[in-house]
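Structure first, commentary second.
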There are 2 protein chains.
Amino acid sequence: MSFRTHLESVVNQVEGALGCSVMGFDGISVETHQKEEAAELELNGTWVEYANVLSQLRQAAELLKTGEIQEISVNTESVLTIMRLVSPEYFLVLALRADGNYGKGRYVLRVTAPKILAEL
Amino acid sequence: MSFRTHLESVVNQVEGALGCSVMGFDGISVETHQKEEAAELELNGTWVEYANVLSQLRQAAELLKTGEIQEISVNTESVLTIMRLVSPEYFLVLALRADGNYGKGRYVLRVTAPKILAEL
């Protein structure tokens, strides 16, 4: 399967999903699938900012000695964002509506990350 | 109720909770309640780092125009951390074991935040 097929699968499985992307920590999107109904949201621009912050959080977690960060979630009033590490260079990011299925989103990213890694 | 009573209540309600704190965005903890079994974890040191990153994420979210960030979660292999805004200056942070009740943690922070705000 291609990246896009995996990303479409994530968006289709999670109720309320707006878009999903494979991104590098340099802020460059490898592949993105965004629902048409979410076209007005500038998801990519925000994810670039989040990638930068994610890098810094990983350093903070190393101080904590609680193990490497696997997942970060950033929730605003209208959009929930879940980011999950795929490799030291790449991560998966999923945006969903505030009333979307958050637990399902976490689960689907967890099982999709190894499939993405296998194709990188 | 004092801050400490609220924090103890959060920790007692959420299965797997390790500690809870009211913190300022300057990284200074107003009040902390940490379970004795979690005494070896340097939670406070990490939360100071997270406070700094949280400030930056809020700026990123303003770019996104999806509304202000309400909640951030940072999950490592062994510890889940949920941070919830209380006011522009303060936030609540809850650490729980990776097998703790994450959904319950989010819920309890959401209902506790206005109680903390009322006493600030």
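Every residue in the range A:79-108 that is of a type outside the set (D, E, K, R), within 11 Å of chain B (Cβ to nearest Cβ) and touching a strand residue (DSSP E or B) at 6+ places or on another chain (Cβ under 7 Å), please. Can you show your working first?
Of all residues in the range A:79-108, those of a type outside the set (D, E, K, R) come to A:79-83, A:85-88, A:90-96, A:98, A:100-103, A:105, A:107-108.
Imposing the further condition that a residue be within 11 Å of chain B (Cβ to nearest Cβ) reduces the set to A:79-83, A:85, A:95, A:98, A:102-103.
Passing the criteria: A:V79, A:L80, A:T81, A:I82, A:M83, A:L85, A:A95, A:A98, A:Y102.
Would you tally the residues in the range B:102-115 being of a type in the set (V, I, T) and modelled with pLDDT under 95?
As a first pass, look at the range B:102-115 and keep what is of a type in the set (V, I, T): B:108, B:111-112.
Adding the requirement that they be modelled with pLDDT under 95 leaves none.
Adding up the residues that qualify gives 0.
The values are calculated or read from the model by the stated rules, or taken from the named source; none is laboratory data. If you're wondering where the values come from, they're calculated on a predicted model, not measured in any experiment. Note that each Cβ is placed from the backbone with ideal geometry, even for glycine, and that neighbours are counted across all protein chains shown.
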